[in-house]
Amino acid sequence: QVQLVQSGAEVRKPGAAVKISCKASAYTFTSYAMHWVRQAPGQRLEWMGWINAGNGNTKYSQKFQDRVTLTRDTSANTVYMELSSLKSEDTAVYYCARQNFGSIRWFDPWGQGSLVIVSS
Amino acid sequence: QSVLTQPPSVSAAPGQKVTISCSGSSSNIGSNYVSWYQQFPGTAPKLLIYENNKRPSEIPDRFSGSKSGMSGTLGITGLQTGDEADYYCGTWDGSLSAWVFGGGTKLTVL
């Protein structure tokens with residue numbers, strides 16, 4: 001079945017960067033866009049942006065525009081999310097989620113999540 | 001403050017029915033499909049309803065969705081204690097050029 005497996009938990013100091021991976025399996029990787037969503041402790045889901053796994057085009061939420069970079073490695077069926085200039089408020093679980101085929105309408109499936117802790 | 005407004009919590013007894021609303025605007029729900037996600041504590045969200053009212057094959061028909069104007073609604077009948085979770089609505093917002101989620105609703109089955 002379609003599966004997204006993310007990298008493990010990370011601990012970073014304020015001002016550092018973190019890069020999380022999301023490996024896809026059981027579907028044609030380049031045919032779907034991948035989104036990233038984060039959830040701070042006890043908070044709502046927050047959309048960060050997406051990458052077209054086929055051509056590498058990206059679109060970012062205005063909130064994260066200056067700090068997030070999404071990339072993909074088609075040979076490894078893997079998408080990466082890098083967040084820079086980390087602050088304590090970036091402590092959250094980060095999820096990748098596959099978009100439906102075609103224009104954006106829903107996300108399924110989701111990765112298991114990667115916890116990022118930002119602390120001095 | 002979320003672009004989509006959901007009640008923070010709802011509750012009902014086992015076997016009863018509950019509805020969760022998701023209110024938006026013409027730039028989001030009014031012109032795009034609504035999807036719903038179920039999230040248990042410590043786990044990833046799971047797609048529950050897509051394109052306003054469609055269910056993935058593995059989702060029981062106790063779950064339903066609808067949309068009217070600028071609001072979407074999730075309905076759950078025959079409530080079970082295992083339905084206790086957080087529920088989020090989501091859609092594309094054309095004005096923001098961004099995907100938006102509701103603030104989430106915590107369902108308690110008393």
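The values are calculated or read from the model by the stated rules, or taken from the named source; none is laboratory data. Since this is a predicted model, take the numbers as computed values, not measurements. Glycine gets a Cβ as well: all are built from the backbone with ideal geometry, and neighbour counts include every protein chain shown.
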(request) May I ask you to verify whether A:Thr74 is touching a Gly at 6+ places or on another chain (Cβ under 9 Å) and modelled with pLDDT of 95 or more? (result) yes
(message) Take the conditions within 14 Å of chain A (Cβ to nearest Cβ) and of a type in the set (Val, Ile, Thr) and apply them to B:Thr91. Does it pass?
(response) yes
(request) For residues that are within 14 Å of another protein chain (Cβ to nearest Cβ) and in contact with a helix residue (DSSP H, G or I) (Cβ under 9 Å, 6 or more places away or on another chain), tally how many sit in segment B:68-88. (result) 1
(request) Residues being assigned to a loop (DSSP other than H, G, I, E, B) and more than 13 Å from chain B (Cβ to nearest Cβ): count how many of those fall in segment A:87-120. (result) 4
(request) Find the strands (runs of 3 or more DSSP E) located wholly in chain B whose residues include 3 or more that are without any contact (Cβ under 8 Å) to a residue 40 or more places away in the chain, and list them. (result) B:46-49, B:63-68
(message) If A:Gly42 satisfies all but one of (1) in contact with a Ser or Thr (Cβ under 9 Å, 6 or more places away or on another chain); (2) surrounded by fewer than 17 Cβ atoms within 10 Å (Cβ to Cβ), what's the number of the condition it fails?
(response) (1)
(request) Pull up segment A:1-40, narrow it to residues that are assigned to a loop (DSSP other than H, G, I, E, B), touching a residue at least 40 places away in the same chain (Cβ under 8 Å) and of a type in the set (A, V, I, L, M, F, W, C), then point me to the one that is nearest to A:Gly111 (Cα to Cα). (result) A:Val2
(request) Scan segment B:74-94 for residues that are surrounded by fewer than 20 Cβ atoms within 10 Å (Cβ to Cβ), within 19 Å of B:Lys54 (Cα to Cα) and among the small types (Gly, Ala, Ser) and jot them down. (result) B:Gly75, B:Gly78
(request) Check segment B:10-17 and report whether any residue there is surrounded by 14 or more Cβ atoms within 10 Å (Cβ to Cβ) and away from chain A (no Cβ under 14 Å). (result) yes
(message) Every residue in segment A:58-78 that is surrounded by fewer than 18 Cβ atoms within 10 Å (Cβ to Cβ), assigned to a loop (DSSP other than H, G, I, E, B) and within 14 Å of chain B (Cβ to nearest Cβ), please.
(response) A:Gln62, A:Lys63, A:Gln65
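Looking at B:Gly65, B:Gly102, B:Gly30, B:Gly42, which is the one that is facing chain A (nearest Cβ under 10 Å), of a type in the set (Gly, Ala, Ser) and surrounded by 14 or more Cβ atoms within 10 Å (Cβ to Cβ)?
B:Gly102 is the lone residue from the list that is facing chain A (nearest Cβ under 10 Å), of a type in the set (Gly, Ala, Ser) and surrounded by 14 or more Cβ atoms within 10 Å (Cβ to Cβ).
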